[in-house]
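**Student:** This is the structure I want to talk about, given as structure tokens.
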Amino acid sequence: MEDSRIRDKNVPAGSAVLISPWLIQRHRDLWERPDEFDPDRFDTLEGKESSKCAYLPFSAGPRVCVGMAFATQEAILILSSVVRRYQLEPVLSHEPKPVGRVTIRSDNGIRVRFKLIDNEE
Ligand code: HEM
């Protein structure tokens, strides 16, 4: 709304400013071992603190995603029904190429092998 400065940069009124979840969710000052896959990090005190200010998969503030609760519930239901029936393994010959758009995704897909779990035993 008015000319500002962010650190050493001039930001004229009317500029588009992008907060990158890619960077903030991997910031070494905010996350321990930021590049490791560790779902348990959200159960630690540090992880809970960081997730309040530096975990933005659905954005934040007045334009936060209206589907956030629905999408989270849906993901939990889908994942729990899939992993009950299948063992998932990455296809190591295929390397996903991450791209940052509104969300971070793979430009060339993510290949996963589904192995049916024999629940009869
Ligand atoms: C994993 C799934 C999803 C992710 C990661 C996601 C992420 C996002 C993000 C990053 C924004 C941008 C907010 C901003 O402008 O700063 C957004 C906006 C929005 N999302 Fe989602 N979303 C998801 C699922 C959904 C679902 C299921 C719905 C509807 C049922 C939905 C409806 C919307 C709407 C309407 C907006 C615009 C909100 C506004 O501008 O006021 N999203 N979402």
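**Student:** For residue 86, what residues show an amide H to amide H distance below 5 Å, using hydrogens built from the backbone and excluding near sequence neighbours?
**Tutor:** When sequence neighbours closer than 5 places are left aside, the close amide H contacts are 117.
**Student:** Next up: Can you give the accessible area per residue of segment 81-121, in Å², using a 1.4 Å probe?
**Tutor:** The answer is 92 Å² per residue.
**Student:** Right, next: Using the Kirkwood formula on the Cα atoms of segment 67-121, what hydrodynamic radius do you get, in angstrom to one decimal?
**Tutor:** 13.5
**Student:** Full-extension gain between residue 64 and residue 18, please, as 0.36 nm times their residue separation minus the C-alpha to C-alpha distance.
**Tutor:** The span from residue 64 to residue 18 would gain 15.1 nm if fully extended.
**Student:** Could you check how much of the accessible area of the chain is carbon and sulfur, as a whole percent, using a 1.4 Å probe?
**Tutor:** 57
**Student:** With angles folded into 0 to 90 degrees, how steeply does helix 68-85 sit against the dominant principal axis of the chain? Use alpha carbons for both and round to 10.
**Tutor:** 20
**Student:** Any chance you could give the angle, 0 to 90 degrees and rounded to 10, that helix 45-54 forms with the longest Cα principal axis of the chain?
**Tutor:** Taking the Cα atoms of the chain, the angle to 45-54 is about 60 degrees.
**Student:** Build a GNM of the chain with springs between Cα atoms under 10 Å: which of 66, 102, 17 gets the top mean-square fluctuation?
**Tutor:** Between 66, 102, 17, it is 17 that shows the largest mean-square fluctuation.
**Student:** Among 76, 104, 24, determine the one that fluctuates most according to a GNM of the chain built with springs between C-alpha atoms less than 10 Å apart.
**Tutor:** 76
**Student:** Next up: I'd like the accessible area for residue 49, computed on protein heavy atoms only with a 1.4 Å probe and all protein chains in place. Round to 10 Å², please.
**Tutor:** 100
**Student:** Send over a whole-number figure in Å² for the accessible area per residue of segment 1-56, probe 1.4 Å.
**Tutor:** Per residue, segment 1-56 has 88 Å² of solvent-accessible surface.
The values are calculated or read from the model by the stated rules, or taken from the named source; none is laboratory data. Everything numeric here is computed off the predicted structure, so don't read it as measured data. Accessible surface is based on the protein model in full, side chains and every heavy atom, while ligands, DNA and RNA are left aside. Shrake-Rupley method; radii C 1.70, N 1.55, O 1.52, S 1.80 Å.
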